[in-house]
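**Q** My questions all concern the structure below.
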Amino acid sequence: MSYYGATVAEPELLDEEDSGDKLIRSMRRTFSTVDLPVLALPWLLFTINVLPTALLKDRLLGNIMFAATFVLALNFLLLSRASSWKILAAKCMLAAVLAEYLGQYDRSKYVDDLAIYSNSALYENVQPTSHPGSFKDAAWLQFSADAHVDATKGVGYQSGHLWCAAPIIGSSHEAGLSRTVGFWAVGMDCCRYRGMFSCGDVWNLTKHTGLVVLEKSALSSSEFPMYMKAAKMGAEVYGFGIPAEPTLVRWDVPSATVQKEALTSAISFAVVAVITYLLLVPVSMIVLNLLNLPLIDRKSAVLKDISFGISPASKRYNAETVKELMENRCYYTGSVMYDYAYHLANKHLFIGMLFCHPAHPFSKMERLFVAVIVSALVVFPVSAFSVQFGQTGLLRTLIILVGVTLPRNLLKLYLIRISQADVKLELSGAVVEEKDVMSQWIFQAVVMVLIATLTIIICMLCTQFISNRSEESLSTVLGRNGDGLCFMFTLEIVFDLIIPAPFSVGGCPEKFAVGFFGRWRAERDFYEPWEDAEKPKWDPTDASPVRAPLLPKALR
């Protein structure tokens, strides 16, 4: 029978005694991870979309990544031929849409609250006898010196949690001049049913600040009705008058605590979403193996030289494989999704640190060096700029974009040219003497040391600037400006889709193609006429000048 583009033999009838043993042996014999890279594509698209959408203050990168992931999924769908690959492409499109929805939900529920509190008004010297309606636009209230929370008059309203409230009173209340309380301190699970209110530092009479519980805030919208019931119950129990819309505050809550709570909740939601989606990858791989329904022909000769980061130490790759990696060939298997996964593993700076081909001329250690240098050249200058001019703004975003693209591209291209010089000599058939190899290695080491020294100097200057102008610790400032790293990781995928680059295939004259898909289509049009469904062109005995993929047309 045929399924997922592969022909599967009908199961044999097994004796009842040895059916279990035969099944286990069959699973061990047929289990393969060859489909794992392409099965991880929906998760990757989900991750690079949901994280910037949910967590970054600036919506620009989130919008860019949604457009990029949708374009990727659409190209996968249009360029895939077999139904199995179209189903997987549809999963990629679903991942992009789901990531956008969950990211926007996470942002609206947690991150947007930071903007609400940071943009709302702060009132000082607020009298407890004031009408609360005068401070409806407030997020923080600084009460007068005589104001305090009467912790002995707390109440607890039981509904799942114990919702607590206590009156905020002043000298007029203590003198009996007023019995109306318009401001109430609230909290959860921090009081008894009557009295002993301990939500916040209420016993410290030098504290007079309250964080307003906003009904429109996503963080407190579900809590607000419970707190309101507790406040009204407290007014009834202790005989206070209460306005129709009293102001509820969390007593002595620093702004840093609010930010930490909101960011922790937002990050936790996003991380749980990413991990949950990641679990679908091994589950899908196990299911396909159990059913013996591979997405790609595991015996295909085209796969013998394809490797994602790990290879036996004794395995040697031919010169043609190294040449194709050096030239960034895009078309290998005939499946656009598998070819893109392989291309991304070798082209992306950060992903390539783990998964690039073992024979790639631009090695993992060189990628690691470039990643560390460029990360430092982005985070430290952007942090210094933010200390001086603020955390948001178009100019800051432009600085991040320039910092992400310019140093990365220059450094990466220069190191690639240096590291590939000896490889080109070997591929040309020229005799390379050991002293030439050593001199090339020394030159590369000197260049790296100079670049590292310059980077350290720049980082030290930025550190000194930050220390002189910010009361926060260096780690706090750098961590708050780590969004530049997110720009670095994601924009490399975007650039790979839209930047035109010259290429040559099969000795033909150079021509330009726009991004990965433009080059993949051009290479497909060149290689497909050479394909023969009956005779593998990747066979070692094949003498044809152009090596074309082995996969049958049904699997493309």
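The values are calculated or read from the model by the stated rules, or taken from the named source; none is laboratory data. Quantities reported herein were computed from a predicted structural model and do not represent experimental measurements. Here the Cβ positions follow ideal geometry from the backbone for every residue, glycine too, while neighbour counts run over all protein chains shown. Accessible surface areas use protein heavy atoms only, side chains included; no ligands, DNA or RNA. Shrake-Rupley method; radii C 1.70, N 1.55, O 1.52, S 1.80 Å.
**Q** Within the stretch 280-298, does at least one residue satisfy the condition of being open to solvent by less than 20 Å² (accessible area, probe 1.4 Å), touching a helix residue (DSSP H, G or I) at 6+ places or on another chain (Cβ under 7 Å) and farther than 13 Å from L36 by Cα?
**A** Checked the stretch 280-298: no residue is open to solvent by less than 20 Å² (accessible area, probe 1.4 Å), touching a helix residue (DSSP H, G or I) at 6+ places or on another chain (Cβ under 7 Å) and farther than 13 Å from L36 by Cα.
**Q** Hey, can you tell me all the residues within the stretch 310-333 that are at pLDDT below 80, closer than 28 Å to E523 by Cβ and in a loop (DSSP other than H, G, I, E, B)?
**A** If the condition is that a residue be at pLDDT below 80, closer than 28 Å to E523 by Cβ and in a loop (DSSP other than H, G, I, E, B), then I310, S311, K315, R316, Y317, N318 are the ones that fit.
**Q** Out of (1) modelled with pLDDT of 80 or more; (2) part of a helix (DSSP H, G or I); (3) not aromatic (F, W, Y), what's the single condition that is false for P529?
**A** (1)
**Q** While we're here: Condition check: within 30 Å of T490 (Cβ to Cβ), touching a Pro at 6+ places or on another chain (Cβ under 9 Å) and modelled with pLDDT of 85 or more. Does A95 satisfy that?
**A** Yes.
**Q** Scan the stretch 242-274 for residues that are of a type outside the set (S, T, Y), touching a residue at least 60 places away in the same chain (Cβ under 8 Å), open to solvent by 50 Å² or more (accessible area, probe 1.4 Å) and under 18 Å from V212 (Cβ atoms) and jot them down. Break it down into steps so the answer makes sense when it comes.
**A** Keep residues of the stretch 242-274 that are of a type outside the set (S, T, Y), which gives 242-246, 248-254, 256, 258-263, 266-267, 269-274.
Narrowing further to those that are touching a residue at least 60 places away in the same chain (Cβ under 8 Å): 242-243, 245-246, 248-251, 258-259, 262-263, 266-267, 269-270, 273-274.
From what's left, open to solvent by 50 Å² or more (accessible area, probe 1.4 Å): 242, 245, 250, 259, 263, 267, 269.
Passing the criteria: I242, E245, R250, Q259.
**Q** What residue, among those in the stretch 150-168 that are among the hydrophobic types (A, V, I, L, M, F, W, C) and open to solvent by less than 10 Å² (accessible area, probe 1.4 Å), is farthest from V253 (Cα to Cα)?
**A** The extreme case among them is V155.
**Q** Turning to a different aspect of this structure: Could you give me the residue pairs with C-beta distances under 8 Å whose first residue belongs to the stretch 59-79 and is over 23 Å from T397 (Cα atoms) and modelled with pLDDT of 90 or more, whose second residue is among the basic types (K, R) and part of a helix (DSSP H, G or I) wherever it lies, and which are 6+ apart or on separate chains?
**A** L77/K86; L79/R521
**Q** Give the number of residues within the stretch 94-126 that are farther than 14 Å from A138 by Cα, crowded, with 18+ Cβ neighbours inside 10 Å and hydroxyl-bearing (S, T, Y).
**A** 1
**Q** How many residues are small (G, A, S) and assigned to a strand (DSSP E or B) if we restrict to the stretch 488-525?
**A** Of the stretch 488-525, the ones small (G, A, S) are 501, 504, 506-507, 513, 515, 518, 522.
Of the ones still in play, those that are also assigned to a strand (DSSP E or B) are 501, 513.
Of the residues in that region, 2 qualify.
**Q** Is it the case, given these coordinates, that G187 is assigned to a strand (DSSP E or B) and under 18 Å from W140 (Cα atoms)?
**A** Yes, satisfied.
**Q** Checking L485 against (1) part of a helix (DSSP H, G or I); (2) open to solvent by 60 Å² or more (accessible area, probe 1.4 Å); (3) at pLDDT below 75, which test does it fail?
**A** (3)
**Q** Moving on to the next point. Quick test of your reading of the structure: S178 fulfils all but one of (1) in a strand (DSSP E or B); (2) over 18 Å from D252 (Cβ atoms); (3) open to solvent by 10 Å² or more (accessible area, probe 1.4 Å). Name the failing condition by number.
**A** (1)
**Q** In addition: For the stretch 199-216, what are the residues that are under 24 Å from Y117 (Cα atoms), outside any strand (DSSP E or B) and in contact (Cβ under 8 Å) with a residue 40 or more places away in the chain? Outline the logic, then answer.
**A** Of the stretch 199-216, the ones under 24 Å from Y117 (Cα atoms) are 199-202, 206-216.
Retained after the next criterion (residues that are outside any strand (DSSP E or B)): 199-202, 206-208, 213-216.
Residues satisfying the conditions are C199, G200, D201, V202, K207, H208, L214, K216.
**Q** From G200, G187, which residue is within 15 Å of E261 (Cβ to Cβ), open to solvent by 30 Å² or more (accessible area, probe 1.4 Å) and modelled with pLDDT of 85 or more? Before you say what the answer is, go through the steps one by one.
**A** Values: G187 fails: open to solvent by 30 Å² or more (accessible area, probe 1.4 Å).
Of G200, G187, the one residue that is within 15 Å of E261 (Cβ to Cβ), open to solvent by 30 Å² or more (accessible area, probe 1.4 Å) and modelled with pLDDT of 85 or more is G200.
**Q** Among L41, L45, which is the only one that is over 11 Å from the mean Cα position of the chain (by Cα), buried (at least 17 other Cβ atoms within 10 Å of the Cβ) and at pLDDT 90 or above?
**A** Answer to the selection: L41.
**Q** Which one of the conditions (1) open to solvent by 50 Å² or more (accessible area, probe 1.4 Å); (2) at pLDDT below 85; (3) touching a strand residue (DSSP E or B) at 6+ places or on another chain (Cβ under 8 Å) does A138 fail to meet, given that it meets all the rest?
**A** Only one criterion is unmet by A138, namely (1).
**Q** Would a scan of the stretch 442-455 turn up a residue that is at pLDDT 75 or above, part of a helix (DSSP H, G or I) and more than 36 Å from the chain's Cα centre (by Cα)?
**A** Here is the first cut: in the stretch 442-455, the ones at pLDDT 75 or above are 442-455.
Cutting the leftovers down to part of a helix (DSSP H, G or I) gives us 442-455.
Keeping just the survivors that are more than 36 Å from the chain's Cα centre (by Cα) gives 442-443.
Yes, the stretch 442-455 contains at least one residue that is at pLDDT 75 or above, part of a helix (DSSP H, G or I) and more than 36 Å from the chain's Cα centre (by Cα).
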